[in-house]
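Have a look at the structure below before the remarks.
The values are calculated or read from the model by the stated rules, or taken from the named source; none is laboratory data. Keep in mind it's a predicted model, so treat the numbers as computed, not measured. When we count neighbours, we look across all protein chains shown, and the Cβ atoms used for this are built from the backbone with ideal geometry, even at glycine. Surface areas here come from the heavy atoms of the whole protein model, side chains and all, with no ligands, DNA or RNA. Shrake-Rupley method; radii C 1.70, N 1.55, O 1.52, S 1.80 Å.
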Number of protein chains: 2
Amino acid sequence: MTTSNTTTTTTTTTDHPLRVTLLAGGVGGARFTRGLRDLLVRRGVDAELTVVVNTGDDLWVDGLRVCPDLDTVLYTLAGVVHPDQGWGRQDETLRVSAELHAYGLGLPWFTLGDLDIATHVARTAMLREGVPLSAATARLSARWPLGVRLLPMSDQEVETHVELADGSGTVHFEEWWVRLRAAVPARRFVQVGVEDASPAPGVLDALASADVVLLPPSNPVVSVGTVLGVPGIREAVRTTSAPVVGVSPILGGAPVRGMADACLTTVGVETSALAVARHYGSRRASGLLDGWLVDDVDAPAVAALAADGLAARALPLLMGDDVGDDGRSATDAIVLAALDLAGVRLPG
Amino acid sequence: MTTSNTTTTTTTTTDHPLRVTLLAGGVGGARFTRGLRDLLVRRGVDAELTVVVNTGDDLWVDGLRVCPDLDTVLYTLAGVVHPDQGWGRQDETLRVSAELHAYGLGLPWFTLGDLDIATHVARTAMLREGVPLSAATARLSARWPLGVRLLPMSDQEVETHVELADGSGTVHFEEWWVRLRAAVPARRFVQVGVEDASPAPGVLDALASADVVLLPPSNPVVSVGTVLGVPGIREAVRTTSAPVVGVSPILGGAPVRGMADACLTTVGVETSALAVARHYGSRRASGLLDGWLVDDVDAPAVAALAADGLAARALPLLMGDDVGDDGRSATDAIVLAALDLAGVRLPG
């Protein structure tokens, strides 16, 4: 393990529960948060976890409000996520979607399972009654003992739209991501509605009162970047007294999953662990990060970041549930390293 | 067969398609309309069938607009209705409902199947976009070659509510019907919103231009009665030049299905084929009916109605798909008798 300087903060967990706040997108953020929660439970650490989730991917489909990232986090933490695809429900069926298609509705490129549709129907029923998304999310979450508080980044609708570089128009992010597979270059991402949006209740407080703020290996542009785009959230991350540690979603010049490279290119950032860290920036230079985890293949970035004043560390970053010879899964090791970089030493 | 006087009108089918307009509720109206359509097809009769359907049972469930009678008619004519229960879809599953219940939503006494929910999602999506119910119904109907035009009685929401006789309050009709099984006597039925409602586009014209108007054996109070309660529809039935013939939903003092007796009691009408005919009234005495079919067990009503100036006929009224020795099903015989009473003789 290659390590640069460590952070200056050391958090103890004796006087109050360990408060960890995460900013997350979908699969990467969900799996990281699950790993964190499970590790803290196994170590007997009293913790309050809050995950602030990107809602820029949300969209209306056949009158139902679909929140891809919130649902991925919800299902993952609830233990009902489809284990292979990482999103949607396990044991899923497509009877409702088939009917909708037969009626000439639905999006041909966006398939919703029956169990998943129930979530959207329930959420939409609440939204139509005037319940804010944050409260609706709390009610949906209450079904399971998640052990994590889920917060949408905002109660207002903020949708990421994509201006296509070929001049053919603007599409919703999900259409670009799912239908076009991000193969048509994006000229620009637009957060429609962001100027009128504010952080959902609890978001700013969860950042201000955190002992640790973590950026899981989510897409730095259209997931974490979208969360940070809500007026007030970036400043809250910048000014929190908690150390802020991120996990690189880029390994050896390519995203672990998804098409973050296409997003980074759009915003003029190289697809590398180093460039993404510099995109977030060191807090010592008015950026966001105190610490950054990179994969072993990106170990040379550690020294470069140290020169920027940013504590970095290299270790295997591919999250997985496989348990190694030491009894720890790769995800455990990443979570432990992130906490360690934030100055938190766990018992056990 | 006992027959009183016949109607004065005789319709030929040579100059234009035979135009038949029906006012219907759920199962009884749906099965009768299907029998009529199938018979006319088999006899090679060029016909335009329009069924004006009760929407007083419609309700919002978890943000979805559910239209029980429209859907029963739709599914029955499409050939996808659950054959035993007479409503809902065949080969149905309950995955979405189970999820909604797990989220603490849904009505415990009102279960919606997955295929059925797709219809509600599709309809609600259109309604939320401002599409009127009549147009949404046309789009849903377009999926199948129904051979019948489905019209809701009104594009406005008109919901039948039930004032309970025990003073315990007022409930939606579906709650009284499905949850309470109409076991708590109703003091009064209220058509909420009816004063601001108007007939859906096409309804008045379908009545004015009809060659025959038929009242299938639907509930005379909360199905046909609700349709007739929309301002303008009762008058259109009364003033159409077409003969108006009804089929008694009461056989030997009891409803064929459902709990029409409870509804009739509420409006002060005896549960008998004769009393229901007199409730509709003879057109010769400013009522609605030219003809009325009763079951053989109610044959004595024929003479009594003749004295009222109403052409009646007695025959077996239990609709069924069983084909008798003469190759005709019971439904065929009822349909033929209704048309015959309206002066229509079919070829073949």
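Evaluate the following for B:S272: is it hydroxyl-bearing (S, T, Y) and open to solvent by 10 Å² or more (accessible area, probe 1.4 Å)? Lay out the reasoning, then the answer.
Values: hydroxyl-bearing (S, T, Y): yes; open to solvent by 10 Å² or more (accessible area, probe 1.4 Å): yes.
It is true that B:S272 is hydroxyl-bearing (S, T, Y) and open to solvent by 10 Å² or more (accessible area, probe 1.4 Å).
Please specify each residue of the stretch A:99-109 satisfying the condition of being on the phi > 0 side of the Ramachandran plot and open to solvent by less than 50 Å² (accessible area, probe 1.4 Å). Outline the logic, then answer.
Kept after step one, since they are on the phi > 0 side of the Ramachandran plot, are these residues of the stretch A:99-109: A:104, A:106.
Residue satisfying the conditions is A:G106 alone.
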Per the list (1) in contact with a strand residue (DSSP E or B) (Cβ under 7 Å, 6 or more places away or on another chain); (2) on the phi > 0 side of the Ramachandran plot; (3) not β-branched (V, I, T), residue check on B:S329 breaks on (2)
Just give me the residues in the stretch B:11-26 being touching a Gly at 6+ places or on another chain (Cβ under 9 Å) and surrounded by fewer than 24 Cβ atoms within 10 Å (Cβ to Cβ), in sequence order. B:T11
So which residues in the stretch B:234-263 are polar (S, T, N, Q) and open to solvent by 40 Å² or more (accessible area, probe 1.4 Å), if there are any at all? B:T239, B:S241
Conditions (1) assigned to a loop (DSSP other than H, G, I, E, B); (2) buried (at least 21 other Cβ atoms within 10 Å of the Cβ): number failed by B:P231: (2)
With the requirement that a residue be among the basic types (K, R) and under 27 Å from B:A206 (Cβ atoms), what does the stretch B:101-134 give you? B:R123
Selection status of B:D290, open to solvent by 30 Å² or more (accessible area, probe 1.4 Å), of a type in the set (D, E), touching a residue at least 40 places away in the same chain (Cβ under 8 Å) and in contact with a helix residue (DSSP H, G or I) (Cβ under 9 Å, 6 or more places away or on another chain): yes
Restricting the stretch B:200-224 to residues that are farther than 15 Å from B:V20 by Cβ and touching a Gly at 6+ places or on another chain (Cβ under 9 Å), the residue that is most open to solvent (accessible area, probe 1.4 Å): B:L204
Of (1) away from every other protein chain (no Cβ under 14 Å); (2) not in a helix (DSSP H, G or I), A:W176 satisfies all except one. Which? (2)
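Which one is nearest to A:V73 (Cα to Cα) among residues in the stretch A:99-120 that are at the interface with another protein chain (Cβ under 8 Å from one of its Cβ atoms) and in a helix (DSSP H, G or I)?
Restricting attention to the stretch A:99-120, the residues satisfying the condition of being at the interface with another protein chain (Cβ under 8 Å from one of its Cβ atoms) are A:99-100, A:102-105, A:114-115, A:117-119.
Those left that are additionally in a helix (DSSP H, G or I): A:99-100, A:102, A:114-115, A:117-119.
Numbers: A:E99: 27, A:L100: 26, A:A102: 31, A:D114: 18, A:L115: 15, A:I117: 16, A:A118: 16, A:T119: 13 Å.
The residue in question is A:T119.
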Can you tell me which residue is most open to solvent (accessible area, probe 1.4 Å) among those in the stretch A:110-133 that are among the acidic types (D, E) and under 16 Å from A:R95 (Cβ atoms)? A:D116
Across the stretch A:134-169, the tally of residues that are within 14 Å of another protein chain (Cβ to nearest Cβ), part of a loop (DSSP other than H, G, I, E, B), open to solvent by 20 Å² or more (accessible area, probe 1.4 Å) and touching a residue at least 12 places away in the same chain (Cβ under 8 Å) stands at 2
Kindly list the number of the only condition in (1) facing another protein chain (nearest Cβ under 9 Å); (2) free of Cβ contacts under 8 Å to residues at least 12 places away in the same chain that fails for B:V131. (1)
Hey, among A:T50, A:T33, A:T72, which residue is within 13 Å of the chain's Cα centre (by Cα) and without any contact (Cβ under 8 Å) to a residue 60 or more places away in the chain? A:T72
